[in-house]
1. Any idea which of (1) within 20 Å of A9 (Cα to Cα); (2) in a helix (DSSP H, G or I); (3) modelled with pLDDT of 95 or more is the one T48 doesn't satisfy?
2. In region 54-97, which residue that is closer than 23 Å to T11 by Cβ and part of a loop (DSSP other than H, G, I, E, B) is modelled with the lowest pLDDT?
3. Just wondering, is there one or more residues in region 33-41 that are more than 23 Å from G125 (Cα to Cα) and not hydroxyl-bearing (S, T, Y)?
4. Among K112, K62, K80, K54, which is the only one that is over 18 Å from the mean Cα position of the chain (by Cα) and either more than 30 Å from D2 (Cβ to Cβ) or free of Cβ contacts under 8 Å to residues at least 12 places away in the same chain (or both)?
5. Take G63 and tell me if it is surrounded by fewer than 14 Cβ atoms within 10 Å (Cβ to Cβ) and over 27 Å from V133 (Cβ atoms).
6. Do we find that S88 is touching a residue at least 60 places away in the same chain (Cβ under 8 Å) and among the small types (G, A, S) in this structure?
7. Taking the conditions exactly as written (under 24 Å from G117 (Cβ atoms) and not charged (D, E, K, R)), does T11 satisfy them or not?
8. Say we look at region 115-133 and pick out the residues that are out of contact with any Asp or Glu (no Cβ under 9 Å at 6 or more places or on another chain) and of a type outside the set (A, V, I, L, M, F, W, C); which of these is nearest to W36 (Cα to Cα)?
Amino acid sequence: MDIADKAAALTLRMSASEFLKRARESNLHDSVVVKWYRFREQWSDIFTEHILSKPRMGMLHKGGAKTCELWGPFQFEVIKRIAGDLASINRATSIIEAEDDIIEGCNYCKDKASRWGRSIASAIGNIEPFSRV
């Protein structure tokens, strides 16, 4: 892994405006700033498309219900722990596992959570490193 790849990953916690401010202070070339935005956009897309969106349904709950009252609070806690820190997307699977006590009583939701984590992990696996964006 290139040192720039490691450095770029460390900047994911910064807001875009903070990065731009620091880039200007450091006289970073505009091409590096554009590259960083492209790199960061991949992580932002994962947040929007895989974390904020509803995971695909698996099995229906007993009685044919699509979801139960446990899923909403569970999903909220996971999103809350990831929101505002794109770098935490790397820990999404462990965050999902850490919060799964909320859905403890529902095997359907546990299966859905597992699929959600795999979907996020798969998307992370497709991210281009900073050196290749």
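1. The one condition T48 does not meet is (3).
2. G84
3. yes
4. Working: K112 fails: over 18 Å from the mean Cα position of the chain (by Cα); K80 fails: over 18 Å from the mean Cα position of the chain (by Cα); K54 fails: over 18 Å from the mean Cα position of the chain (by Cα).
None of the other options fit; the residue is K62.
5. Values: surrounded by fewer than 14 Cβ atoms within 10 Å (Cβ to Cβ): yes; over 27 Å from V133 (Cβ atoms): yes.
Spelling it out, G63 is indeed surrounded by fewer than 14 Cβ atoms within 10 Å (Cβ to Cβ) and over 27 Å from V133 (Cβ atoms).
6. Values: touching a residue at least 60 places away in the same chain (Cβ under 8 Å): no; among the small types (G, A, S): yes.
No.
7. Details: under 24 Å from G117 (Cβ atoms): no; not charged (D, E, K, R): yes.
Against the criterion (under 24 Å from G117 (Cβ atoms) and not charged (D, E, K, R)), T11 does not qualify.
8. Filtering first and then ranking leaves E128.
The values are calculated or read from the model by the stated rules, or taken from the named source; none is laboratory data. None of these values were measured; they are calculated from a predicted model. FYI the Cβ positions are ideal-geometry reconstructions off the backbone, even for glycines, and counts take in every protein chain you see.
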